[in-house]
Amino acid sequence: MADPKSLYQEVILDHNRKPRNYGTLAHASHKAEGHNPLCGDHLSLTMNLDGDRIDGIAFHGESCAICKASASMMTATVKGKTRAEAETLIGEFRDMATGKLDLTGRPHHLGRLTVFAGVRDLPTRVKCAILPWHTLHAAFNSVVSASTESEDDPMHAPIGDA
Amino acid sequence: MTAAPTTRKLRLASAFDVERIRADFPILNLKPGGKPLVYLDNAASSQMPQQVIDRLVHYRTTQHANIHRAVHTLSEIATSEYEEARRKLARFINAREEREVIFTSGTTESINLAMHGYGRKFIGAGDEIILTTLEHHSNIVPWQMLCEEKGARIRVVPVNDAGELLIDEYESLFNERTRFVGVMHVSNALGTVNPVKHMIAFAHSRGVPVLVDGAQAAPHMKVDVQDLDCDLYAFSGHKLCGPTGIGILYGKAALLERMQPFKGGGDMILSVTFEKTTYNTIPHKFEAGTPPIAAAIGLGAAVDYLSGIGMDAIAAHELDLLDHATAQLSRMPGVRIIGTAGKKAAVLSFMVDGVHPHDVGTLLNQDGVAIRTGHHCAQPVMQRFRLPATARASFAFYNTTAEVDALVAGIRSVQSVFS
Ligand SMILES: Cc1ncc(COP(=O)(O)O)c(C=O)c1O
């Protein structure tokens, strides 16, 4: 198992302390709620799409450091990107967190988001990192609420019970 | 004045040799990630001493057959060992008779048995069931299922900010529709020891039977079901140094006789024709099918082991650990203890300011300290204290003050990572 302290790197601690894009957009075109009933993590995502491009995005909620930092870095990364680009990132992030993406062997677009690679060794924490991405996916599809436990969740990752 | 408690403590300390006890638990030698394992998740499941492991091996290598069914020698041995385990459990909780002990798969199944066996037969539309805010989901959900089916209603005993039940409120919940009370003996989320003896006496004065969820009490204190006068008492083997997949429901014989069977099948019948089936006597009426024979025998060995040490000595040592931990944590800036009842068992829930419990748990794990984080299957408690989750350290008799100190050092290092 990787040293969990390597997961709690300065970047993650910094985004936890000072989350970017924290709050709610007043006139959002898309929104979704993300919820992990097993640990009580909860986050609210609002987003404005200008055509196909993410014009504005914000989140708020109550969660652990991993989830909050993941949400903060996610919003910073996808702002200004197209829906297709964001969907690619969602898939890549999920694959990285569940250990299905070989970061060195396959080209990807994750950039600094690879600081979360360590969660794959912490099965109970994978869902914390993925929750914001589930929620973004739900927001695109105007699914009102995303849950890491719902069975019809298209993003459900088979990672066992937390 | 001060001399008496000191001598008493010295005497207990000398009688209780924790290092000798630890030598019985092979798993405590593990060094996950190179650090000695500090196992403080005993409320979720406790560890098994070599004596119980050996008993399981002995059964599996020399005594296994199905029980109550065959005339051959092995079956007779297995049957008598299984029934001997029942006798041990009956003695452990001071039941009047061994037929008052029903083997189940654990607390959850015991409570479901009570719901199906008693609730579905005797509770109807408009009737009321009293539960408490502190209950584990396993003593809430079965009763909600019953209420949905029958149109009955749940009334909930509130708690104060210390995590103690409000007994006046409990008493005022009783009315002519009250049919049943379900209450936990010790809270798994906060450690509160509830005044169940008083609560039972009050319910009985209104003619209402009481189920006690003893999952967190039986491992930590002497339980005497006759003294408590409870009607039903449930606990799990795996929190008591025994195997998983086994537990008991104790019930007063007269009550068990009136209850209906929970599951149908072999062993729970006297005779079967397609016209009419006659149920077996208690406890067999409630033990349909082949039970977890080895696990029951292992649980028998576990209660022998605990009785050998003595439940009073176990309780005294665990309270020393709790006092030590409470004193340390309450002195730490930025740490808040959740659950400060006057009477507690060895459970310590806490919050570290600015750090989510899951991050606390992950970082402590890196120091080899295993605790539980989350809602502890007690979401109404979390809602009451407006918390999404807590970090929880829970102690067993094989834990040491040095391990409590490792927890404290671990929390300090969590604080420094997040500072
Ligand atoms: C108070 C209490 N009741 C019931 C249970 C459920 O026990 P089991 O999962 O062994 O059925 C637990 C275990 O977590 C508990 O702490």
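The values are calculated or read from the model by the stated rules, or taken from the named source; none is laboratory data. Note that the structure is a prediction, hence the values are computed from the model and not measured. When we count neighbours, we look across all protein chains shown, and the Cβ atoms used for this are built from the backbone with ideal geometry, even at glycine. Accessible surface is based on the protein model in full, side chains and every heavy atom, while ligands, DNA and RNA are left aside. Shrake-Rupley method; radii C 1.70, N 1.55, O 1.52, S 1.80 Å.
Build a GNM of chain B with springs between Cα atoms under 10 Å apart, and of B:SER80, B:SER187, B:SER349 the one that fluctuates most is B:SER80. List the lysines whose Cα lies under 27 Å from the Cα of A:LYS31, skipping any in the same chain that are fewer than 8 positions away. Straight-distance partners of A:LYS31: A:LYS18, A:LYS68, A:LYS79, A:LYS81, A:LYS127. Largest GNM mean-square fluctuation among B:HIS58, B:HIS317, B:HIS137, using chain B with Cα springs under 10 Å: B:HIS58. For the protein assembly as shown, the 222 nm mean residue ellipticity estimated from helices alone, with every DSSP H stretch of n ≥ 4 adding -39500 (n - 2.57) and the total spread over all residues, rounds to -11500 deg cm²/dmol.
Note on B:ALA44 and A:ALA84: the model spin-label points, each 7 Å out from Cα along the C-beta direction, lie 4.5 nm apart.
Partners of B:LYS343 within straight-line reach, counting lysines whose Cα lies under 28 Å from its Cα and excluding those fewer than 8 residues away in the same chain: B:LYS9, B:LYS197, B:LYS222, B:LYS239, B:LYS252. Our estimate of slack between B:HIS58 and B:ARG120, defined as 0.36 nm per intervening residue step minus the Cα-Cα distance, is 18.3 nm. Looking at the protein assembly as shown alone, DSSP beta bridges between its own residues are antiparallel in about 65 percent of cases. In segment B:53-308, the portion of solvent-accessible area held by carbon and sulfur atoms comes to 52 percent [1.4 Å probe, whole percent, DNA, RNA and ligands not counted]. In whole Å, what is the distance between the alpha-carbon centres of segment B:114-161 and segment B:354-381? Centre-to-centre distance over Cα atoms comes out at 29 Å. Determine the percent antiparallel among the DSSP beta bridges restricted to chain B, to the nearest 5. That works out to approximately 60 percent antiparallel. The largest-to-smallest principal axis extents of the Cα set in segment B:48-104 are 31, 31, 16 Å.
A cut-off of 5 Å between modelled amide H atoms, ignoring neighbours fewer than 5 places along the same chain, links B:THR178 with B:GLU128. In segment B:369-418, comparing the full protein assembly with the chain on its own, the residues that lose 50 Å² or more of accessible surface at a 1.4 Å probe are B:PRO388, B:VAL417, B:PHE418.
For the protein assembly as shown, what does the accessible surface come to per residue with a 1.4 Å probe? Please give it in Å².
Numbers: 23960 Å² over 581 residues.
Result: 41 Å² per residue.
Quarter the surface of the alpha carbon convex hull of segment B:53-308 and you get the mean projected area, 14.3 square nanometres. Based on every Cα atom in segment B:52-147, Rg and the maximum pairwise Cα distance Dmax equal 18.1, 54 Å.
Extending 7 Å from Cα along the Cβ direction at B:LEU74 and again at B:MET332 yields two label points whose distance is 5.3 nm. Scaled to the globular estimate 2.2 N^0.38 Å, the Cα spread of segment B:334-380, given as radius of gyration, is 1.22.
Over the whole of A:125-137, what's the average partner chain Cβ count within 10 Å per residue? Rounded to a whole number, please.
Working: counts 4, 0, 0, 4, 0, 0, 0, 0, 0, 0, 0, 0, 0.
Per residue, the number of nearby Cβ atoms from other chains is 1 on average.
Treating the Cα atoms of the protein assembly as shown as identical point scatterers in vacuum, please give the log10 of the normalised Debye intensity I(q)/I(0) at q = 0.06, 0.08 Å⁻¹, two decimals. Scattering profile of the protein assembly as shown, log10 relative to I(0): -0.37, -0.64.
Mean-square fluctuations from a GNM of chain B, with a 10 angstrom spring cutoff on Cα atoms, peak among B:LEU256, B:LEU74, B:LEU321 at B:LEU74. Label positions at B:THR401 and B:PHE274, each projected 7 Å from the Cα along the C-beta direction, are separated by 7.3 nm.
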